[in-house]
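The values are calculated or read from the model by the stated rules, or taken from the named source; none is laboratory data. Note that the structure is predicted; figures quoted are calculated from it, not measured. Neighbour counts run over all protein chains shown; Cβ positions are idealised from the backbone, glycine included. Note: areas computed on protein heavy atoms with side chains; ligands, DNA, RNA excluded. Shrake-Rupley method; radii C 1.70, N 1.55, O 1.52, S 1.80 Å.
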Amino acid sequence: MRIGIVCYPTIGGSGVVATELGKALAEKGHQIHFITYDQPVRLSSLGKNIFYHEVMVSQYPLFQYTPYELVLTSKLVDVVKHEKLDVLHVHYAIPHASAAYMAQQILKDQGINIPFITTLHGTDITLVGKDPSFEPVITFSINNSNAVTTVSESLKEDTLQYFDVKKEIEVIPNFICPQRHKSRPNSDLRKSYAADNERVIMHMSNFRSVKRVHDVVKTFALIKEKIPAKMVFVGDGPDRFSVEQMCRDLGTCKDTFFLGKVKDVEEVIDIADLFILPSQTESFGLAALEAMISKVPVISTNSGGLPEVIEHGVSGFMSDVGDVEDMAKNAIEILKSEQNHNKFKEGAYQQAQKFDIKNILPRYEELYNSVLNT
Ligand code: GMT
């Protein structure tokens, strides 16, 4: 099959999922065309069956806001026509689904039929999508997609709650590529942050307010009262400055490291003993899954799709949003003994196996086939 994949090329989860999906499909012999404004971060090198088409947006003095969606649409028309694509798969509704719809209509006028699938990832629905200024376009493009998927049951429910969706939604959960996350303990790296008797607690995110990164700082301060530990933050974003400020205020700075953005998360996640994800909401929580496959138990909230990913009491624990005391208590429970820690590490790993890409890939292939046959 010749498949066009549209996604954000940035470090965020939707771009990672789209890129890893494309790479796995290419390995199975499908021809994959990534169409986006920059080379996706996880597409470090192009391999067999993989092609990348850059959407180049020019600046004109007339435009205060450059119309990216129109340039993307024209690119989609061009790539579908000349690379003879069978199907388009767009990740994140805004603005990819409406661009795909418009490309579909333009191509129809030229006698070319191209179905498109929209995968909803989370903030396109829960944060951005329900902004009334986007609502009519999102509703329309979801309803006019040839197929729609969400990455969790929870996101499906949110989509049905916030939008007047008539289209059937299939839940296809996010996945992990175990090969990529094969354990490669880097004791030198670990030693540069923590002594042998100290635990390494990690948080990784885009530091947006939905991630509640300040709760990580508060939770760590409570853990630190009971257990020798170091805190490692991975990622960057709008809240980083105030998070660093809070560490200074709470006096946890000397035990805290901010690594900034890391492209290949598996290279750092291995050094963690515990992962914290205290999000306000999380449609899925790919970062938690990436921790779990590296045998790192997870402390998180019980919001959104997280209960579909984390098995409470087995791969970690979930608490109510903002309940930092409970999160700290749970962290201490996991780390209280080597034996207990090992039990949770194994539980995390076993739970993550359920999301092995080998179980998920065929579901996307079936979906592509189903839209081709309608
Ligand atoms: O806002 C973000 O966290 C980024 C966003 C994205 O598009 O990269 O993440 C969303 O999609 C991920 C991949 O499906 C999910 O694992 C994240 O849970 C989801 N983020 C939220 O729902 C907040």
- Task: State whether the residues of segment 244-251 include one that is within 21 Å of the chain's Cα centre (by Cα) and small (Gly, Ala, Ser).
- Result: no
- Residue by residue through segment 1-41, note down the ones that are touching a Pro at 6+ places or on another chain (Cβ under 9 Å), in a loop (DSSP other than H, G, I, E, B) and without any contact (Cβ under 8 Å) to a residue 60 or more places away in the chain. Pro9, Thr10, Tyr37, Asp38, Gln39, Pro40
- From the option list Ser145, Ser154, single residue qualifying as within 12 Å of the ligand (Cβ to nearest atom) and either assigned to a helix (DSSP H, G or I) or within 14 Å of Ile94 (Cα to Cα) (or both) is Ser154
- Scope segment 193-239; condition among the basic types (Lys, Arg) and open to solvent by 50 Å² or more (accessible area, probe 1.4 Å); matching residues: Arg208, Arg212, Lys218, Lys224, Lys226
- Which of (1) assigned to a helix (DSSP H, G or I); (2) without any contact (Cβ under 8 Å) to a residue 60 or more places away in the chain does Tyr52 not meet, given it meets every other one? (1)
- Task: Only residues in segment 302-331 that are within 17 Å of Val210 (Cα to Cα) count as the first member; pair them with residues that are open to solvent by 60 Å² or more (accessible area, probe 1.4 Å) and assigned to a strand (DSSP E or B), Cβ under 8 angstrom, at least 6 apart or cross-chain, and list the lot.
- Result: Asn302/His312; Met318/His312
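Being open to solvent by less than 10 Å² (accessible area, probe 1.4 Å), more than 21 Å from Leu361 (Cβ to Cβ) and at pLDDT 95 or above narrows it down to one residue among Val55, Val17; which is it? Talk me through it step by step, then tell me what you get.
Values: Val17 fails: more than 21 Å from Leu361 (Cβ to Cβ).
Val55 is the lone residue from the list that is open to solvent by less than 10 Å² (accessible area, probe 1.4 Å), more than 21 Å from Leu361 (Cβ to Cβ) and at pLDDT 95 or above.
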- Task: Answer yes if at least one residue in segment 266-288 is within 16 Å of the ligand (Cβ to nearest atom), surrounded by fewer than 16 Cβ atoms within 10 Å (Cβ to Cβ) and in contact (Cβ under 8 Å) with a residue 12 or more places away in the chain, and no otherwise.
- Result: no
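Within segment 215-240, can you find the residues that are within 16 Å of the ligand (Cβ to nearest atom) and in a helix (DSSP H, G or I)?
Within segment 215-240, the subset within 16 Å of the ligand (Cβ to nearest atom) is 215-216, 233-240.
Residues satisfying the conditions are Asp215, Val216, Arg240.
For residues in segment 34-51 being open to solvent by 50 Å² or more (accessible area, probe 1.4 Å) and away from the ligand (no atom under 16 Å from the Cβ), which is farthest from His181 (Cα to Cα)?
Just the residues of segment 34-51 that are open to solvent by 50 Å² or more (accessible area, probe 1.4 Å), to begin with: 37-39, 44-46, 48, 51.
When the remaining residues are screened for being away from the ligand (no atom under 16 Å from the Cβ), the result is 39, 44-46, 48, 51.
Values: Gln39: 22, Ser44: 16, Ser45: 18, Leu46: 20, Lys48: 22, Phe51: 24 Å.
The selected residue is Phe51.
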- Item | Filtered residues of segment 98-142 (kept if closer than 18 Å to Ile5 by Cβ, assigned to a helix (DSSP H, G or I), open to solvent by less than 20 Å² (accessible area, probe 1.4 Å) and of a type in the set (A, V, I, L, M, F, W, C)) | Ala99, Ala100, Ala103, Leu107
- For residues in segment 20-33 being within 16 Å of the ligand (Cβ to nearest atom) and closer than 13 Å to Val6 by Cβ, which is surrounded by the fewest Cβ atoms within 10 Å (Cβ to Cβ)? Leu21
- Qualifying positions in segment 58-82 - open to solvent by 60 Å² or more (accessible area, probe 1.4 Å), under 18 Å from Ala97 (Cα atoms) and of a type in the set (A, V, I, L, M): Leu70
- Of (1) among the aliphatic types (A, V, I, L, M); (2) under 21 Å from Gly237 (Cα atoms); (3) open to solvent by 10 Å² or more (accessible area, probe 1.4 Å), Met318 fails just (2)
- Note on the structure: Looking across segment 202-214 at residues that are assigned to a helix (DSSP H, G or I) and more than 19 Å from Met292 (Cα to Cα), the single one that is farthest from the ligand (Cβ to nearest atom) is His214
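Name the residues in segment 167-186 that are open to solvent by 60 Å² or more (accessible area, probe 1.4 Å) and under 25 Å from Ser370 (Cβ atoms), would you?
Pass one, segment 167-186, residues open to solvent by 60 Å² or more (accessible area, probe 1.4 Å): 167-168, 170, 179, 182-186.
Across segment 167-186, the qualifying residues are Lys167, Glu168, Glu170.
So which of Ala328, Ala348 ends up being under 19 Å from the mean Cα position of the chain (by Cα) and of a type outside the set (Phe, Trp, Tyr)?
After applying the criteria, what remains is Ala348.
Going by the conditions given, is Glu333 modelled with pLDDT of 95 or more, acidic (Asp, Glu), part of a helix (DSSP H, G or I) and outside the structural domain of Glu225 (by TED's automatic domain parsing)? Give the steps one after another, and end with the answer.
Numbers: modelled with pLDDT of 95 or more: yes; acidic (Asp, Glu): yes; part of a helix (DSSP H, G or I): yes; outside the structural domain of Glu225 (by TED's automatic domain parsing): no.
So Glu333 does not fit the description; no.
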